[in-house]
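Step one of this worksheet: look at the structure below.
What follows draws every value from the coordinates through simple rules; no lab data is involved. Just so it is clear, the model here is predicted, and its values are computed rather than measured. Backbone-built Cβ (ideal geometry, glycine too); neighbour counts: all protein chains shown.
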Amino acid sequence: PREPLADLPPVFSAASMMKDIAFLAGPECGGRAPGTEGIEKAAAHIARRFAEAGLEPGGDDGTFFQSWEGDVDGKGTIARLVNVIGVLPGEKKGLEDASAVICAHYDHLGLGWPDVHPGDEGKVHPGADDNASGVAVMIELATRLSGTVKPARNIVFAAFTAEESGLRGSRRYISSSKRFPPQRCIGAINLDTVGRLGERKVLVLGTSSAREWRHIFMGSGYVTGVEAEMPTLELDSSDQASFIEAGIPAVQIFAGPHGDYHRPGDTADKIDSQGLVRV
């Protein structure tokens, strides 16, 4: 083995992503269950980071928030549900309402609902990998793309709520987004559970939703040196499913399963920071 002729620094900041994960999976957010003070703090943090990245608000009434009322505990308790939407505006005439979506859900299980394991009842589920990791990568992408990329169509960055209880945030976005109608969305990339890559290949789920996906990800592997595996079987059902149901090509970027899935042990200290850069 020889040293490379050039050893360039990474474009993306592992430290910045880890800082976002530490907050979202920290005690202040309390597991980010819908209807709690903790998830409200998480939403405010994401909106602030979108603003710092230079994104335009893409929610209701000139804000970053798309909100509605819904069940938050499976017992009929009604409270506010919030998606956080930021936009990197497109610049090509005729594509003013066209979009591509980069998304990640930011909710988690709080004290366990709706998928608590026996013995974990009442314990905080921090959700560092699932899915503070995906939110952190999305924020980093927004930060690096804003100001350097002038896209033809709008790039929508969406932090969805209530994924854990039925993909409700992404379905709400698709059904009620007047500014960016689904028939004008070219595709979506969903970042979910990307924090424990290690030496594994990046998994890309849902590539059968458009014939172009496999070529795109094989090409990205050649360019970056980060290998991707594209299983033909659907291994997970995250927010990309909402887009596929609506006829929009969509994939999930996924680092792979582990024993802390939906457990209190999904903590920030177990995140592979360099893996986030590779993702």
Q: Give the distance, in whole Å, between the Cα centre of the stretch 141-180 and the Cα centre of the stretch 31-47.
A: 17
**Q.** Amide H contacts under 5 Å for Trp68, placed H, 5+ residues apart
**A.** Leu81
Q.
Restricting to bridges with both residues inside the chain, how much of the DSSP beta-bridge set is antiparallel, in percent to the nearest 5?
A. 50
(Q) Tell me the mean residue ellipticity at 222 nm calculated for the chain from its helices only (DSSP H runs of n ≥ 4, each -39500 (n - 2.57), averaged over every residue, nearest 500). (A) -8000 deg cm²/dmol
**Q.** Signed unit charges on C-beta, dipole axis of the chain, positive-most listed residue Gly247, Thr232, Pro89
**A.** Pro89
(Q) Could you derive backbone 3J(HN,Hα) for the stretch 192-202 from the dihedral phi with the Karplus parameters 6.51, -1.76 and 1.60 (θ = phi - 60°), listing whole Hz in sequence and x where the residue is Gly or Pro? (A) 9, 6, 10, x, 10, 6, x, 9, 7, 6, 6
Q: Give me D for the stretch 1-77 in µm² s⁻¹, whole number, from Stokes-Einstein with Rh from the Kirkwood sum over alpha-carbon pairs, 20 °C and 1.002 mPa s.
A: 139
Q. Amide H neighbours of Cys103 under 5 Å, counting only residues 5+ apart in sequence or on other chains, H built in-plane at 1.01 Å?
A. Ala158, Ile189, Asn190, Leu191
Q: Please tell me which of these pairs span more than 29 angstrom C-alpha to C-alpha: Lys75/Lys270; Lys92/Lys178; Lys41/Lys270; Lys178/Lys270; Lys178/Lys201?
A: Lys75/Lys270; Lys178/Lys270; Lys178/Lys201
Q. Counting other Cβ atoms within 10 Å, which GluC sites (Glu not before Pro) in the stretch 32-140 have at most 16 and lie in a DSSP loop?
A. Glu91, Glu96, Glu121
Q) Once both labels are modelled 7 Å past Cα along the beta-carbon direction, what's the Val226-Glu245 spacing in nm? A) 2.9
(Q) Here are a few candidate values for Cα extents along the principal axes in Å: [x] 65, 55, 40; [y] 56, 49, 37; [z] 91, 43, 43. Which one was actually calculated from the structure I just gave you? (A) [y]
**Q.** 3J(HN,Hα) from dihedral phi, the stretch 173-188, Karplus parametrisation 6.51/-1.76/1.60, rounded to Hz, x for glycine, proline
**A.** 4, 5, 7, 10, 7, 7, 5, 10, x, x, 5, 10, 9, 6, x, 9
Q.
I want to check the label-to-label distance for Val11 and Glu212. Put each point 7 Å from Cα in the C-beta direction and report it in nm to one decimal.
A. 1.8
